[in-house]
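Peer 1: There's a structure below that I have some questions on.
A short reminder: the numbers here are calculations on the coordinates, not readings from a lab. It should be emphasised that the depicted structure is a prediction, and the values quoted were computed from it without experimental measurement. As a convention, Cβ positions derive from the backbone with ideal geometry for all residues, glycine included, and neighbour counts pool all protein chains shown.
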Amino acid sequence: MNEENKRCHLNMIQQVIARMGTNSFSLKGWSVGMMIAIYAFAGQNSHKAVVVTLIPLLVFWILDSYYLNLERKFRALYNDVRLRKDEEIDFDMNFDNIEVSMKELKKYGFVNVLISKTVLPFYLVCIATTLVIYLVKF
């Protein structure tokens with residue numbers, strides 16, 4: 001049986017998943033780079049730089065969580081398409097139409113992603129590092 005439509009659809013979804021992962025990785029790089037740049041330019045005004053650093057870190061944290069949330073939803077779509085027959089493939093990229101069990105539903109919530117083990121530790125370390133750098137006088 002030829003399942004070319006399924007392969008093409010799965011490839012389209014995989015490309016979106018890869019792009020979400022790349023966006024998430026880039027945001028983490030921007031977060032660290034921004035922290036270093038603000039610290040380098042802060043000089044004696046380090047107490048003011050804390051706010052200037054923390055606000056973008058929080059924004060990056062929310063954006064990173066958003067991309068991870070989208071990635072999870074596209075992974076669910078991938079799994080749904082993987083189980084379909086080739087004649088059922090319609091190349092729809094809308095993940096809102098898939099059914100997930102109540103057990104899995106929790107992992108697609110935004111707050112759950114915000115505090116996930118792949119996002120929370122990174123941004124907590126960034127925030128803690130920022131506070132230590134600006135509050136401790138070397």
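Peer 1: What is the Cα coordinate range of the chain on the first, second and third principal axes, sorted by size from largest, in whole angstrom?
Peer 2: 69, 29, 17
Peer 1: About its Cα centre, what dipole magnitude does the chain give when the only charges are +1 on Lys and Arg Cβ and -1 on Asp and Glu Cβ, stated in debye to the nearest 20?
Peer 2: Dipole of the chain, to the nearest 20 debye: 780 debye.
Peer 1: A further question on this structure: Just subtract the alpha-carbon distance of Phe91 and Gln15 from 0.36 nm times their residue separation and send over the number in nm, one decimal.
Peer 2: Extending this stretch completely gives an extra 26.0 nm.
Peer 1: Return Ile17, Ile38 ranked ascending by Cβ neighbour count within 10 Å, so the fewest neighbours appear first.
Peer 2: So the residues, fewest neighbours to most, are Ile17, Ile38.
Peer 1: Could you pull out every one of the lysines with an alpha carbon less than 18 Å from that of Lys107, ignoring same-chain neighbours closer than 8 positions?
Peer 2: Lys73, Lys117
Peer 1: Here is a follow-up. Just to check I understand the Karplus step: with θ = phi - 60° and J = 6.51 cos²θ - 1.76 cosθ + 1.60, what whole-Hz values come out for the stretch 51-67, glycine and proline as x?
Peer 2: Along the stretch 51-67, the couplings run 5, 5, 7, 5, 5, x, 4, 5, 5, 4, 4, 5, 4, 4, 5, 4, 5 Hz.
Peer 1: Continuing with this model, one more query. Determine ³J(HN,Hα), in whole Hz, for all residues of the stretch 32-42 in sequence, where each value follows from phi through the Karplus function 6.51 cos²θ - 1.76 cosθ + 1.60 and θ = phi - 60°; x replaces Gly and Pro.
Peer 2: 5, x, 5, 4, 5, 5, 5, 4, 5, 8, 5
Peer 1: Given the DSSP H assignment, sum -39500 (n - 2.57) over each helix run of at least 4 residues in the chain and divide by its residue total; what's the result at 222 nm in deg cm²/dmol, nearest 500?
Peer 2: After summing the helix terms and dividing by residue count, I get -25000 deg cm²/dmol.
Peer 1: A follow-up question, please. Can you compute 3J(HN,Hα) from phi for each residue in the stretch 86-97, using the Karplus curve 6.51 cos²θ - 1.76 cosθ + 1.60 with θ = phi - 60°, rounded to whole Hz and x for Gly and Pro?
Peer 2: Each residue's phi maps through the Karplus curve to give 4, 6, 8, 6, 10, 6, 6, 9, 7, 7, 6, 8 Hz.
Peer 1: Picking from Leu68, Leu105, Leu77, which is most flexible by a Gaussian network model of the chain using Cα springs under 10 Å?
Peer 2: Answer for the Gaussian network model of the chain: Leu105.
Peer 1: Next up: Picking from Ser31, Ser116, Ser65, which is most flexible by a Gaussian network model of the chain using Cα springs under 10 Å?
Peer 2: Highest fluctuation of the listed residues: Ser116.
Peer 1: What number, in percent, do you get for the relative contact order of the chain if the mean sequence gap of Cα pairs under 8 Å and at least 6 apart is divided by its residue count?
Peer 2: Reported relative contact order: 37 percent.
Peer 1: Can you find, among Tyr66, Ala37, Phe25, the residue sitting farthest towards the positive end of the charge dipole of the stretch 1-108, where Lys and Arg contribute +1 and Asp and Glu -1 at Cβ?
Peer 2: Towards the positive end, the residue furthest out is Ala37.
Peer 1: OK, next. Compute the distance in nm between two label points, each set 7 Å from the Cα along the Cα-to-Cβ direction, one at Asn79 and one at Ile55.
Peer 2: For the pair Asn79/Ile55, the computed spacing is 4.0 nm.
Peer 1: Also, quick follow-up: Straight distance only, please: which lysines reach the Cα of Lys48 with their own Cα at less than 16 Å, same-chain residues fewer than 8 apart left out?
Peer 2: Leaving aside lysines fewer than 8 places away in the same chain, those within reach of Lys48 are Lys137.
Peer 1: Gaussian network model of the chain, Cα springs within a sub-10 Å range: biggest mean-square fluctuation belongs to which of Asn69, Asn94, Asn79?
Peer 2: Asn94
Peer 1: In addition: If the cut-off is 16 Å between C-alpha atoms, which aspartates and glutamates fall inside it for Lys6, apart from same-chain ones fewer than 8 positions away?
Peer 2: Partners found: Asp80, Asp86, Glu87, Glu88, Asp90, Asp92.
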